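Read through the structure below, which is laid out as structure tokens, and then see the notes.
The values are calculated or read from the model by the stated rules, or taken from the named source; none is laboratory data. Just so it is clear, the model here is predicted, and its values are computed rather than measured. Cβ placement follows ideal geometry from the backbone for every residue including glycine, while neighbour counts extend to all protein chains displayed.
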Amino acid sequence: MALDNGTLPCHLCGRWEDARSMGEQLGVNLCRSCDGQYDDDELRMELSIENYGTTVEEVITKALAPMLNKQQAILEKFMLAVSRCQETEELELRLRAVQSEIYNAVVEAPDAVSHLTQEEEQ
């Protein structure tokens, strides 16, 4: 994308310079001001930000979004399992209470019958 006068735009800052004075890093043209300012990893981040037109935080968020979504799904499944366990524990407690009531009724029933029988005899 060089102009007829032999200039190229810097991929980072957009400044047009003579193609012969442009530097090149990671396959992109850089002006004299931008050339050498970033190592390869930093330049990749800068290029990502430029391509997305966003902040570093947004680029990181976009990169982490799939992992965060997966973690959220796992957390939701875990919370559902915990809820089910709590429901199961509550049901078990209710069942024990009913069993206790039935047991007490069965154990106390003969006493109540014998008490009634004793009253009738008197």
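Tell me whether the range 47-66 contains one or more residues that are at pLDDT 80 or above and either among the hydrophobic types (A, V, I, L, M, F, W, C) or part of a loop (DSSP other than H, G, I, E, B) (or both).
Scanning the range 47-66 turns up no residue that is at pLDDT 80 or above and either among the hydrophobic types (A, V, I, L, M, F, W, C) or part of a loop (DSSP other than H, G, I, E, B) (or both).
Just to verify a result, which residue in the range 18-50, among those that are farther than 10 Å from Leu8 by Cβ and of a type in the set (Ser, Thr, Tyr), is surrounded by the fewest Cβ atoms within 10 Å (Cβ to Cβ)?
Looking at the filtered set, the residue picked out is Ser33.
Scan the range 90-112 and give yes if some residue there is of a type in the set (Gly, Ala, Ser), closer than 29 Å to Gly6 by Cβ and at pLDDT 80 or above, otherwise no.
The initial filter retains those residues of the range 90-112 that are of a type in the set (Gly, Ala, Ser), namely 97, 100, 105, 109, 112.
Filter once more, keeping what is closer than 29 Å to Gly6 by Cβ: none.
Looking for residues that are of a type in the set (Gly, Ala, Ser), closer than 29 Å to Gly6 by Cβ and at pLDDT 80 or above, one finds none in the range 90-112, hence no.
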